[in-house]
Amino acid sequence: MNIIVETTPFADQKPGTSGLRKKVKVFQRPHYAENFLQAIFDSQYREPGQTLVAGGDGRFLNREIIGKLLCMAAANGLRRTIVGRGGLLSTPAASHLIRKHKASGGIILSASHNPGGPDGDFGIKYNVANGGPAPESVTEAIFAEAKSLSRYVMTDAPLPDIDRLGRSALGSMIVDVIDPVTDYQSLMQELFDFDAIAGLFRSGFTMRYDAMHAVTGPYAVEILEKTLGAVPGTVVNATPLPDFGGHHPDPNLLYAENLYRLMMSRDAPDLGCASDGDGDRNLIIGRGQYVTPSDSLAILAANARQAPAYAKGLLGIARSMPTSSAADKVAEALGVKCYETPTGWKYFGNLLDAGLITLCGEESAGTGSSHIREKDGLWAVLLWLNILVRRRQSVADIVREHWRTYGRHYYTRHDFEGLAPDGAGTLMDALRRSLPALAGTGHAGERILQADDFSYRDPVDGSIAHNQGIRLFFESGSRIVYRLSGTGTEGATLRVYIESYERDPTRQALDTQVALERLIALSRDVALIERYTGRSSPSVVT
């Protein structure tokens, strides 16, 4: 029997690029999660008999919301819901399942790399039938329903046991509880040479994979240790926990500091990796060699032919605008196009669906390919392993050879987190107004050739995205980019990206922050960051 629950709209349920993200306490408010889920069902599931994929990263509230989601899906006329055992499903695995089962879409419960626990963050993201994040037309439709909602519906039938694999009924809806790893692992075995990688481990190759007590732990243990033969204990922090063990599940040099220290020590294994809360981001560090996400994308593109899935070459490459232009150099050498898109995986999805690109990535530790429509952390690790086994070189040797061939892009991102939204917005507005006057001016020995606010015309559907980030291009070839991020749940985050290209091999071994010191200071002076934000230094440097 279905129950109709009367409700009133919440004004703050406009989903962003990564869905609706709020503090846990917001989602615990009566009707809050139900309202947003009903808005998804009302806008996307008006026709009965559709299939939905559901799961999450296991953070606090995951089980509770999965239960509500299933009851509401049944009451809204869905024919079938595929859910990961225990409510767990990584974002890349969910994308694959949507595509494999030709589902109408998927609901992923995650706030990605944001902290978890009762005082942490939670999120609900909707992915469409191609397996990728909902485009703006869909998120606007969801928000329109959320603003006018007056009721939601649920079944009162007893919930199936989501810890037990198999098929059951919830009212008239089929619930298939699946192993969250199995289908994803099968896909990875199609893409990569598992026999060769297993041989690499048998030869004594060592690695450390920090799953950060997030969703990728079971995937990494099953694939790296049980299938490929990495020694037990290669995967650390492998058990998903509701609060991620009290840590921040973001694979960068701040939150994965222990891994970084290990990889810079005498006891370092050959490869160090980490993944984030929902498994779509990655960190790559060789013995004594950190690989920036921008460099990782470029190196993977340059060496993709080493893996069976990409042996015929790449159709094209895409990177988000703030990502360094290292991938552009590779694309030029390969004779393929490199697309520069706004931040957000949905833009890559259009290019992938149209067959224009094969690999894509963002500076925020996300890389992916045509195998799904999301970034994929463990996929990136496996591609690195396939490259290492074929080239028989260390990570450091591969990186340095890449720099000698294509040049080095010194690159850093400085995040000013938790800013007062008014101050951050005023800074960006003032910088935007100053753009016409900036071109042609000199600052601290650098001359600005061009200053603009990035706009993007999608080559597939013709849509235009404006105000995607303020860019300063310098005569030296350097670049500074300013953006406000939409992935946080409190305050505003100003991201400042600084890049400088060095072709001379004798000048490619500098510390990044030292090499960019003058540009870093210039980035703060030009935007008057301290005046508008009250901050003299960033919260996080990557």
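The values are calculated or read from the model by the stated rules, or taken from the named source; none is laboratory data. Fair warning: this is a prediction, and the values are worked out from it, not measured in the lab. Cβ atoms come from the backbone with ideal geometry, glycine included; neighbour counts cover every protein chain shown. Note: accessible area is taken over every heavy atom of the protein model, side chains too, but ligands, DNA and RNA are not part of it. Shrake-Rupley method; radii C 1.70, N 1.55, O 1.52, S 1.80 Å.
What pairs can you find where one residue is in region 194-215 and within 13 Å of residue 251 (Cβ to Cβ) and in a loop (DSSP other than H, G, I, E, B), the other is modelled with pLDDT of 95 or more and of a type in the set (Val, Ile, Thr), and their Cβ atoms are less than 6 Å apart, with a gap of 6+ or different chains?
What qualifies is 211/235.
Working carefully through the options 461, 525, 511, find the one that is of a type outside the set (Gly, Ala, Ser), open to solvent by 30 Å² or more (accessible area, probe 1.4 Å) and under 30 Å from residue 288 (Cα atoms).
Result of the check over 461, 525, 511: 511.
Suppose we keep only residues that are out of contact with any helix residue (DSSP H, G or I) (no Cβ under 7 Å at 6 or more places or on another chain) and in a helix (DSSP H, G or I) within region 404-426. Which one would you say is modelled with the highest pLDDT?
Restricting to residues being out of contact with any helix residue (DSSP H, G or I) (no Cβ under 7 Å at 6 or more places or on another chain) and in a helix (DSSP H, G or I), the top hit is 405.
Give the residues of region 436-466 that are part of a loop (DSSP other than H, G, I, E, B) and out of contact with any strand residue (DSSP E or B) (no Cβ under 8 Å at 6 or more places or on another chain), sorted by residue number.
444, 445, 460, 461, 462
Residue pairs, Cβ under 8 Å, 6 or more apart or interchain, first in region 497-521 and of a type in the set (Val, Ile, Thr), second assigned to a helix (DSSP H, G or I). List them.
498/519; 498/520; 498/523; 520/513
Please count how many residues of region 410-432 are open to solvent by 10 Å² or more (accessible area, probe 1.4 Å) and closer than 20 Å to residue 330 by Cα.
1
Matching residues to (1) assigned to a strand (DSSP E or B); (2) open to solvent by less than 10 Å² (accessible area, probe 1.4 Å); (3) touching a Leu at 6+ places or on another chain (Cβ under 8 Å); (4) among the hydroxyl-bearing types (Ser, Thr, Tyr):
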{"residue": "280", "(1), (2), (3), (4)": "no, yes, no, no"}
{"residue": "290", "(1), (2), (3), (4)": "yes, no, yes, yes"}
{"residue": "299", "(1), (2), (3), (4)": "no, yes, no, no"}
{"residue": "318", "(1), (2), (3), (4)": "yes, yes, yes, no"}
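Quick check on residue 372: is it in contact (Cβ under 8 Å) with a residue 40 or more places away in the chain, over 30 Å from residue 465 (Cβ atoms) and out of contact with any strand residue (DSSP E or B) (no Cβ under 7 Å at 6 or more places or on another chain)?
So residue 372 fails the test.
Would you mind stating whether residue 271 is among the aliphatic types (A, V, I, L, M), at pLDDT 95 or above and open to solvent by 10 Å² or more (accessible area, probe 1.4 Å)?
no
How many residues, within region 48-106, are closer than 22 Å to residue 25 by Cβ and over 18 Å from the mean Cα position of the chain (by Cα)?
The total comes to 12.
Give the residue that is most open to solvent (accessible area, probe 1.4 Å), with candidates limited to residues of region 1-39 that are assigned to a loop (DSSP other than H, G, I, E, B) and among the small types (Gly, Ala, Ser).
By that ranking, first place goes to 11.
Would you check if there is a residue in region 226-249 being on the phi < 0 side of the Ramachandran plot and assigned to a helix (DSSP H, G or I)?
Yes, region 226-249 contains at least one residue that is on the phi < 0 side of the Ramachandran plot and assigned to a helix (DSSP H, G or I).
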